[in-house]
Amino acid sequence: MGKLALAAKITHVPSMYLSELDGPRKGFRQAAIDGHVEIGRRCRELGVDTIVVFDTHWLVNANYHINCAPRFEGVYTSNELPHFISNLPYAFPGNPELGQLLAKACCAQGVETLAHPATTLAPEYGTLVPMRYMNADQHFKVVSVSALCQVHYLNDSARLGWAMRQAIEEQYEGTVAILASGSLSHRFAQNGTAPEFATKIWSPFLETLDHRVVQMWEAGDWVTFCAMLPEYAAKGHGEGFMHDTAMLIGALGWSDYAGRAEVLTPYFGASGTGQINAVFPVTPQTGAAVPGPQASVASGQQPSASRL
């Protein structure tokens, strides 16, 4: 029936918008912007009608949530970095049908997920930044998924990704792309030092760790990566505790996935954090290696592991 045509891990650094504006930083994020433009071009070429974004700037404290209003339009200023993103206009269609279908499929697989088809909730900049460069002409419908998950298990996020893929392929009449919108390491530069870290990683340890992870992705070593993801998320300061990445790799088949990442925008530093644009080929999968739901079958509280 439907098709998952493209999957990618992408940056959404607000300095991309700053890079458009006249001033000392003009043009310095062009490589990241070009990566987004290329992903948008490929989506068009593949016949994608809807882009689903796993947004690590949408913070949630219970359940998983899907923003699938019929249309999104407004002017956005970042509460975190208003000097980077201020008065950013946006407009693009949503896809209530797909959003509700995805939520139902996730719940059926034991991951409690709520769709919001009639809401005034605006997307966060993990969705807005990539849509600025991939979807300026409003060609694609957009569905945003919460991925800054405060009290969620990575296993549940992996299962959510797989449930969404199955729903797309078995129940949706259309073609979809999924984007994990978040960084690798996400340790921001300490206050007062941000300008000197504008194009750097916060520490040699984090930079080395990120580079090793990218090597695993390019080599297709998903068994190793999936095994280390919980520790990488914690010790590597993964953005959103790397729930977007767990969702993405879950959709691709988890440790059974054998595809190799194609890096479109090479790894770069931004305010201390590690960023990349990389596309992952979608290959046939059974889902056998994807972790089962965890929260719905947990026999008791596990506070120390609540985010993993």
Accessible-area order (highest first, 1.4 angstrom probe) of the listed residues Trp254, Trp202, Trp217: Trp202, Trp254, Trp217
Rounded accessible area of Asp34 (nearest 10 Å², 1.4 Å probe): 80
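For an R0 of 35 angstrom, estimate the FRET efficiency from the Cβ-Cβ distance between Leu121 and Ser203 and round to the nearest 0.05.
Working: r = 36 Å, r/R0 = 1.01.
Plugging the Cβ-Cβ distance into 1/(1 + (r/R0)^6) gives 0.50.
In the chain, what percent of the accessible surface is made up of carbon and sulfur (1.4 Å probe, ligands and nucleic acids excluded)?
Numbers: 6490 of 12320 Å².
Whole-percent figure for carbon plus sulfur exposure: 53.
Find the Rg to Rh ratio for region 135-247, where Rh is the Kirkwood radius over alpha-carbon pairs and Rg uses the same atoms. Show your work: numbers first, answer last.
Numbers: Rg = 16.4 Å, Rh = 16.1 Å.
Rg divided by Rh gives 1.02.
From the Cα trace of the chain, what convex hull volume per residue do you get, rounded to a whole Å³?
On the way: hull volume 37.0 nm³, N = 308.
Convex hull of Cα atoms, per residue: 120 Å³.
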Spin-label pair Ala31/Met228, simplified geometry with 7 Å Cα→Cβ offset, distance in nm: 2.2
Phi to ³J(HN,Hα) by Karplus 6.51 cos²θ - 1.76 cosθ + 1.60 over region 13-27, Hz, x for Gly, Pro: 4, x, 5, 5, 5, 4, 5, 6, 8, 4, x, x, 9, 4, x
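What does the extension gain come out to for Arg71 and Leu46, with contour length at 0.36 nm per residue minus their alpha carbon separation? It would help to have the intermediate numbers written out before the result.
Working: separation 25, 0.36 × 25 = 9.00 nm, distance 2.30 nm.
Length gained between Arg71 and Leu46: 6.7 nm.
Given axes a ≥ b ≥ c from the Cα gyration tensor, I'd like to know whether region 18-96 is rounded (a/c under 1.5), prolate (a/b larger than b/c) or oblate. Let's see the in-between values first.
Details: a/c = 1.93, a/b = 1.20, b/c = 1.60.
Judged from the Cα gyration tensor, region 18-96 comes out oblate (a/c at least 1.5, b/c at or above a/b).
Using the Kyte-Doolittle scale, which helices in the chain average at least 0.5 and also have C-alpha atoms spread 15 Å or more along the helix axis, with helices defined as whole DSSP H runs? Could the numbers behind the result be given before it?
On the way: long enough: 30-45 (22 Å, -0.76); 96-108 (18 Å, 0.68); 154-171 (25 Å, -0.71); 204-219 (22 Å, -0.15); 222-235 (19 Å, 0.62).
Going by DSSP H runs, the hits are 96-108, 222-235.
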Rel. contact order, % - alpha carbon contacts under 8 angstrom, at least six apart, the chain: 28
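Rolling a 1.4 Å sphere over the protein heavy atoms, what is the accessible area per residue of region 1-116, to the nearest Å²? Before the final figure, lay out the partial values.
Details: 4810 Å² over 116 residues.
For region 1-116, the solvent-accessible area averages 41 Å² per residue.
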10 Å-binned pair-distance histogram of region 1-156 (Cα, whole percent): 11, 39, 36, 13, 2, 0
Expected 222 nm ellipticity per residue - DSSP helices of 4 or more, -39500 (n - 2.57), all of the chain, to 500: -10500 deg cm²/dmol
With all protein chains modelled, accessible area of Val263 [1.4 Å, Å²]: 50
Residue among Val142, Phe28, Leu98 farthest towards the positive dipole end of the chain, charges placed on Cβ: Phe28
Beta bridges by DSSP in the chain, antiparallel share as percent, to the nearest 5: 40
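Any idea what the dipole of region 106-224 comes to, in debye rounded to 20, about its Cα centre with Lys/Arg Cβ at +1 and Asp/Glu Cβ at -1?
On the way: 7 positive and 12 negative charges, 47 e Å.
Computed charge dipole of region 106-224: roughly 220 debye.
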Convex hull of region 64-187 built on C-alpha atoms - directionally averaged projected area, nm²: 8.2
Region 199-308: C-alpha pair distances exceeding 18 Å, %: 54
Total lysine pairs whose alpha carbons fall under 24 Å of each other in the chain (8 or more apart, or interchain): 8
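Given 20 °C and 1.002 mPa s, compute D for region 127-167 with the Stokes-Einstein relation, Rh being the Kirkwood radius over Cα pairs; round to the nearest whole µm²/s. Write out the running numbers ahead of the final one.
On the way: Rh = 12.3 Å.
It comes out at roughly 174 µm²/s.
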Ellipsoid semi-axes in whole angstrom, largest first, where each is sqrt(5λ) of the Cα gyration tensor of region 1-57: 27, 13, 8
Share of alpha-carbon pairs per 5 Å distance bin for region 178-219, given as whole %: 5, 21, 23, 23, 15, 9, 4, 1
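Rule-of-thumb check for region 93-146: C-alpha Rg over 2.2 N^0.38 Å? Show your work: numbers first, answer last.
Details: Rg = 12.3 Å, N = 54, 2.2 N^0.38 = 10.0 Å.
The value comes to 1.23.
The values are calculated or read from the model by the stated rules, or taken from the named source; none is laboratory data. None of the values given here were measured: they were computed from a predicted structure. So basically every Cβ, Gly included, is an ideal-geometry build from the backbone, and we count neighbours across all protein chains shown. Only protein heavy atoms, including side chains, enter the accessible area calculation; ligands, DNA and RNA are left aside. Shrake-Rupley method; radii C 1.70, N 1.55, O 1.52, S 1.80 Å.
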